[in-house]
Every structure is written in C-alpha cells, then in structure tokens.
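For reference, the structure is listed below as structure tokens.
The values are calculated or read from the model by the stated rules, or taken from the named source; none is laboratory data. What you are looking at is a predicted structure, and each value in this text was computed from that prediction instead of being measured. Just so you know, the surface numbers come from the protein's heavy atoms only, side chains and all, with ligands and any DNA or RNA stripped out. Shrake-Rupley method; radii C 1.70, N 1.55, O 1.52, S 1.80 Å.
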Amino acid sequence: QLTDVNGTTNIYKNGHLVTAVPGQVAGWLDDTRLLVNELTNEGMAGLQDSGTTIFDSLGNKLGTTPILNMGPFQMVSADSVYLPSYTGFSTSRNVIVSLATGASIWASANSSLGIGAVGGSQVVFTSGNLVLAQPF
C-alpha cells in the first residue's frame with residue numbers, strides 16, 4: 001500500500017509503515033518494483049520533474065529511468081510500459097517505451113484522449129470520437 005504525502009511516498013506492508021521514499025508515486029511495476037517521479041523545488045517555479053526512480057518494496061533504490069513525469073501506465077513486459085497519453089513527445093500520443101532507455105518501442109500516429117489499454121498484441125484507445133485498436 002502507498003500514500004503520497006507532500007512529495008514523499010510512504011510504503012506500507014500489512015498496514016505498517018516500511019519506509020518513505022522521495023517523490024510522487026507513479027505505480028507498481030510488479031510485486032517488488034515501485035516507480036516514483038522525483039521532484040525538486042525550484043522556488044517560484046514550484047516543484048519540477050527531476051527524474052524517475054525505481055525502488056524495491058523496502059525502499060532501496062534499484063535504478064532510474066529516463067522517462068520523466070510518468071502518469072498512468074500499464075506494464076507490457078519487464079522492461080516496457082504503455083502510456084496512454086504521454087506528453088514527452090511533441091503531441092500527446094499513445095506510446096510503449098523502454099524503461100531502460102526511454103526509447104519509444106511503439107507509438108500511434110493518432111492523438112490520444114488518455115484512455116487506453118494493451119491486450120494481447122493490440123493497443124486499444126480513444127482518439128477523438130473513435131475507439132481504435134492498433135497492433136504493436
């Protein structure tokens with residue numbers, strides 16, 4: 001269980017606080033790896049994205065990923081995630097990206113409304129007034 005308190009993510013196990021890690025939780029990658037968006041206070045500019053870190057369930061830092069400001073995601077493989085509306089490119093698009101490199105493995109040419117999912121070898125998402133299914 002996780003809670004996000006003022007830029008810190010608390011990690012609980014069986015209702016007991018295990019530890020706290022810096023940043024805002026993006027979500028669990030699997031049962032043992034947690035993805036956290038790191039933030040820095042830039043004074044008048046407020047909190048700014050400064051990186052994305054992978055922690056284990058005890059709060060130990062396992063590594064980082066070059067993907068900034070991870071929003072809702074779905075795991076596709078041990079190293080890749082589906083982002084239904086990623087703004088790391090010039091437009092908001094559906095992408096499947098590598099956690100290790102940040103490189104796009106798959107991207108739709110269609111804009112996204114931020115609602116979608118991966119099922120089998122298809123990405124199903126909303127684009128305008130359409131629901132599209134595209135292979136990846």
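In sequence order, the stretch 98-109 has phi-based couplings of 7, 5, 6, 10, x, 6, 6, 8, 8, 8, 8, 7 Hz under the Karplus curve 6.51 cos²θ - 1.76 cosθ + 1.60, θ = phi - 60°, and Gly or Pro positions carry x. Coupling constants for the stretch 123-136 follow from the phi torsions by the Karplus curve (6.51 cos²θ - 1.76 cosθ + 1.60, θ = phi - 60°), and in residue order they are 10, 10, 7, 9, 9, x, 9, 10, 10, 10, 10, 10, x, 10 Hz; glycine and proline get x. Here's how it looks for Arg93: its modeled amide H is under 5 Å from those of Tyr86, which are all 5 or more places away or on a different chain.
Can you give me the accessible area per residue for the stretch 50-136, using a 1.4 Å probe, in Å²?
Details: 4330 Å² over 87 residues.
I get 50 Å² per residue for this part.
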